[in-house]
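To start, the structure under review is shown below, and the notes come after it.
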Amino acid sequence: MSTETLLEFAHRGLLLALWVSLPTVAAAAVAGVAIALIQATTQLQDQTAGQVFKLIAACAVLALSAGWLGLSVLNFADEMLRAAGFHAPTPII
């Protein structure tokens with residue numbers, strides 16, 4: 001593998017990590033803002049409520065997008081290994 005190929009795979013790997021983590025982080029952020037607005041209007045200052053709802057939102061998004069996340073990482077790893085010269089059998093999905 002050339003240096004350019006390695007840099008390209010490193011770049012694509014970092015972008016994949018960004019895209020894979022984006023739905024979970026976005027869901028937790030939206031849940032956090034929603035809970036903060038609710039707490040501000042009701043003047044409820046309980047810190048655990050916000051954390052629990054953010055955790056529930058993040059887990060729900062992970063559960064719903066697990067197939068896409070896993071398939072994206074699997075395809076990237078397969079492409080990277082094939083470029084390195086390893087030819088594994090194609091997964092049945």
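Determine which single condition residue 34 fails, assuming it passes every other condition in (1) more than 30 Å from residue 12 (Cα to Cα); (2) under 11 Å from the mean Cα position of the chain (by Cα). Here residue 34 meets the rest and fails (2).
Does residue 34 qualify as being at pLDDT below 95 and among the hydrophobic types (A, V, I, L, M, F, W, C)? Spelling it out, residue 34 is indeed at pLDDT below 95 and among the hydrophobic types (A, V, I, L, M, F, W, C). Tallying residues that are touching a residue at least 12 places away in the same chain (Cβ under 8 Å) and either more than 20 Å from residue 15 (Cβ to Cβ) or surrounded by 13 or more Cβ atoms within 10 Å (Cβ to Cβ) (or both) within the stretch 56-84 yields 14.
A single entry from 25, 73, 52, 30 fulfils the requirement of being within 30 Å of residue 87 (Cα to Cα), assigned to a helix (DSSP H, G or I) and of a type in the set (Val, Ile, Thr): 73.
The values are calculated or read from the model by the stated rules, or taken from the named source; none is laboratory data. Values in this document were obtained by computation on a predicted structure and should not be read as measured data. So basically every Cβ, Gly included, is an ideal-geometry build from the backbone, and we count neighbours across all protein chains shown.
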